[in-house]
Amino acid sequence: MALWGNNDNVSVQSGGTVSVNYDTGVVTGTGTTFGTTGYAQPGDVIRFGVRGRVGAGATYYGDAVIVSVASTVSLTIGSTDGLQGGAIGNTSFTITQCPQYTVTNPSFSEDPTFNAEAPSFKTIAVGGAHTNVLTSIGASIIPVNLTEQDHGKFLLQELKVGDIIVNDGNNIPIVSISTAAVAVNGFSPVGFATLFIQEAVIPGVFAGDAFGASGVDVDFGGSNQQNFEIVSVASTAITLGSTISSGVGTGTRVLFDGAFMIGLGATITAGIATGDKIEFKRLQAGYDRFCYGIGSTNASVAEGSQYQVDHAGWVGVTTYIDNHGNLRVKKETLVAMSGIATGNAPVYDADPMAGN
């Protein structure tokens, strides 16, 4: 075969599984049809495992060029440089005619020394728990001095919804910054200036903060949709600066605004003591590169998305998550060609990695 062909659908329906001997390069098949017309031939590229989103649980071992075929159940690959190093036994596979040189190009390799770094949470800032406040187990608000500086920036500037804190070994997502929602413990009728909430579950709420009149489940309606200043916080109740115009039932979630609170998507399982340092992390990195066979239909579907390509054909696509948590996609046309036969997974479209 030439350095590449136009078929990304070779033997996709041939079935069978394969095992690889890393030392000899021999691939042994079970129920395979190597060498049969229309299936795996010398010069084709064999792809081991299931291609999916990096870090999402799919097992994809990488690519290798077939250099010889001994029988319908035995072939030899030229190099294991494109493989990630994990044992390959009774594994599914596909055959493609993508450019052979991508297999030995380190940037396309599944060897983690070169490529396929799984996205991971990296520390972006470190802040301190608010002075004289103990955050107890079961709380979903943490009191943090958002005006504290880290690496020359205020925490309020650094953090965003979707970042995490690590508590008791658990990654807990941040769902709100400078606001937080909690449920009240008792009924407050019209004309009350008291909300029945235990201080232990709202460690980030202080006198001078605000109770959001429109709340999360509460709607006071009309001109009454304003914030009520909190004048005191006691062990079982909060006192407001004015009376409410609509009752707040037991279990109703209400919203608070304050300069020292972060709302979490789950409750903490380990207390945070006064002055404890809190690490804030964000999903970053995730470098990944793959050579896709892209037909004209696939290219059309991807138009207008981050995955839009300049031309159908064999295209190298690099994805990673930048330090702001944004997905970045770079495309390089390796071979521009029309009439390419597609069918191998993943299918390239507006998001080739979704659902794989």
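The values are calculated or read from the model by the stated rules, or taken from the named source; none is laboratory data. Note that the structure is a prediction, hence the values are computed from the model and not measured. So basically every Cβ, Gly included, is an ideal-geometry build from the backbone, and we count neighbours across all protein chains shown.
Within region 283-297, can one find any residue that is of a type outside the set (Gly, Ala, Ser), over 34 Å from the mean Cα position of the chain (by Cα), crowded, with 18+ Cβ neighbours inside 10 Å and at pLDDT 80 or above? Checked region 283-297: no residue is of a type outside the set (Gly, Ala, Ser), over 34 Å from the mean Cα position of the chain (by Cα), crowded, with 18+ Cβ neighbours inside 10 Å and at pLDDT 80 or above.
Scanning region 87-108 for residues that are in a loop (DSSP other than H, G, I, E, B) and either of a type in the set (Phe, Trp, Tyr) or surrounded by fewer than 22 Cβ atoms within 10 Å (Cβ to Cβ) (or both) yields a count of 7. Within region 294-332, the residues that satisfy the criterion of being acidic (Asp, Glu) and within 25 Å of Phe114 (Cβ to Cβ) are Asp322, Glu332.
Counting only strands (runs of 3 or more DSSP E) wholly contained in region 1-75, no element carries 2 or more residues that are of a type in the set (S, T, N, Q), at pLDDT 95 or above and not assigned by TED's automatic domain parsing to the domain that holds Gly86.
Hey, does region 242-257 have a residue that's over 27 Å from Gly212 (Cα atoms), in contact (Cβ under 8 Å) with a residue 60 or more places away in the chain and either crowded, with 21+ Cβ neighbours inside 10 Å or not assigned by TED's automatic domain parsing to the domain that holds Asp168 (or both)? Checking region 242-257: not a single residue is over 27 Å from Gly212 (Cα atoms), in contact (Cβ under 8 Å) with a residue 60 or more places away in the chain and either crowded, with 21+ Cβ neighbours inside 10 Å or not assigned by TED's automatic domain parsing to the domain that holds Asp168 (or both).
Each row is one residue, and each column tells you yes or no for (1) among the hydroxyl-bearing types (Ser, Thr, Tyr); (2) modelled with pLDDT under 85.
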{"residue": "Phe154", "(1), (2)": "no, yes"}
{"residue": "Val166", "(1), (2)": "no, no"}
{"residue": "Ser176", "(1), (2)": "yes, no"}
{"residue": "Ala180", "(1), (2)": "no, yes"}
{"residue": "Ala193", "(1), (2)": "no, no"}
{"residue": "Gln198", "(1), (2)": "no, yes"}
{"residue": "Ile202", "(1), (2)": "no, yes"}
{"residue": "Gly212", "(1), (2)": "no, yes"}
{"residue": "Gly215", "(1), (2)": "no, yes"}
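On the stretch given as region 330-344, residues that are closer than 28 Å to Phe121 by Cα and surrounded by 15 or more Cβ atoms within 10 Å (Cβ to Cβ) total 1. The residues listed here are Ala234, Ala266; of these, the one that is in contact with a helix residue (DSSP H, G or I) (Cβ under 8 Å, 6 or more places away or on another chain), surrounded by fewer than 14 Cβ atoms within 10 Å (Cβ to Cβ) and not assigned by TED's automatic domain parsing to the domain that holds Gly82 is Ala234.
Screening Val329 on (1) modelled with pLDDT of 90 or more; (2) in a loop (DSSP other than H, G, I, E, B); (3) under 18 Å from the mean Cα position of the chain (by Cα) shows it passes everything except condition (2). The lone criterion from (1) touching a Pro at 6+ places or on another chain (Cβ under 7 Å); (2) modelled with pLDDT of 80 or more; (3) assigned by TED's automatic domain parsing to the domain that holds Leu255; (4) crowded, with 17+ Cβ neighbours inside 10 Å left unmet by Gln84 is number (3).
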